[in-house]
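First the structure, in the form of structure tokens, and then the observations on it.
The values are calculated or read from the model by the stated rules, or taken from the named source; none is laboratory data. Just so we're clear, the structure is a prediction, and the values are computed from it rather than from any experiment. Positions of Cβ are backbone-derived with ideal geometry, glycine not excepted, and every protein chain shown enters the neighbour counts.
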Amino acid sequence: MSPPLLLRLAFHGKNVPAITILSYLTRIHKYCPTTYEVFLSLLVYFDRMTERVNDMVVKSEEERRRRRFEEQQARQKQTAATAGYEKGTADDPDVLMRDMSDDNKAHDSDETDSDLADDDDDEEMADEPKPKQSVVGGSRSMREQEEEEEEEEQATYFVVDSFNIHRLIIAGVTCASKFFSDVFYTNSRYAKVGGLPLPELNHLELQFLLLNDFRLAVPVEDLEAYATMLVEFYAREVVTQTTRGKPSSTAVAAGSSNAVAAGSSNAVAAGASAVAAAAVVAE
């Protein structure tokens, strides 16, 4: 199993958690309050790790195909060389004469040995059934084995979905809080708030750093760009849901988010304030 696959499976859960993303973010912000940059940086980290891991998968897939092509070429050359040798042997009369003389000598030696053997042994050997070779079964097993190898070698890309988003969020908040904030909580508190055992959160924290290549610094320009995209995306979704007649709770969340965005001179704070509200759209 490849290392990128092991890193991805560390965040993959067997079942989708019952708690929604909005409730999960609200719980984290309530019991482990932190700065806006921490929540907004999660979007940057998710994009970084997705791009990095998928690039590794693509390169690994290209390398696997190249090795497989070279192996096929080597087998074809070996088969062609063997066929050419057999053809050359059949066309050479000297080789045929030598083979015939060797066969005659072997036949004479077999007759001499058979004269010395007992007749009872010959009868017992004749009575024993000879095992039959199943050519079809052998080829079928080889074909099945090749299909299994192909299935195992299929590329699996990293995707943020409902099975891993909660673990990614709590691991990202744990890492980002220690990077952006001077005051942060212990891993035992993050684990309790996130609903995970402490050893698992410690493991996820390390895997999260590995997936991001230990690069947690995010330029201010990138944060502002992600904040702007997030606010614009959420505004479009609010308009769409309003036209469809969604409950007023969504409109309230949208109104509060827009109010913060309008009253803030920094796009980072505006975008971060919309993260929790935008989680409604992700559901």
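Below are the figures for this structure:
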read-out: Inter-residue pairs, beta-carbon under 7 Å, first in contact (Cβ under 8 Å) with a residue 40 or more places away in the chain and in the stretch 177-203, second of a type outside the set (A, V, I, L, M, F, W, C) and not in a helix (DSSP H, G or I), 6+ apart; value: S177/T34; F180/T35; S181/T34; S181/T35
read-out: So G84, is it over 30 Å from A191 (Cβ atoms), at pLDDT below 80, small (G, A, S) and in contact with a helix residue (DSSP H, G or I) (Cβ under 9 Å, 6 or more places away or on another chain); value: no
read-out: Every pair of residues 6+ apart whose Cβ atoms lie under 7 Å, when the first sits in the stretch 44-70 and is farther than 22 Å from P219 by Cβ while the second is part of a helix (DSSP H, G or I); value: M56/P4; V57/P4
read-out: Residue match in the stretch 10-18 (condition: surrounded by 10 or more Cβ atoms within 10 Å (Cβ to Cβ), under 57 Å from the mean Cα position of the chain (by Cα), within 21 Å of F179 (Cβ to Cβ) and at pLDDT below 85); value: yes
read-out: Inter-residue pairs, beta-carbon under 6 Å, first farther than 19 Å from F179 by Cα and in the stretch 218-245, second not in a helix (DSSP H, G or I), 6+ apart; value: L230/A274; V231/A274; Y234/A274
read-out: Extreme residue, surrounded by the most Cβ atoms within 10 Å (Cβ to Cβ), among residues of the stretch 152-208 that are outside any helix (DSSP H, G or I) and of a type in the set (A, V, I, L, M, F, W, C); value: F158
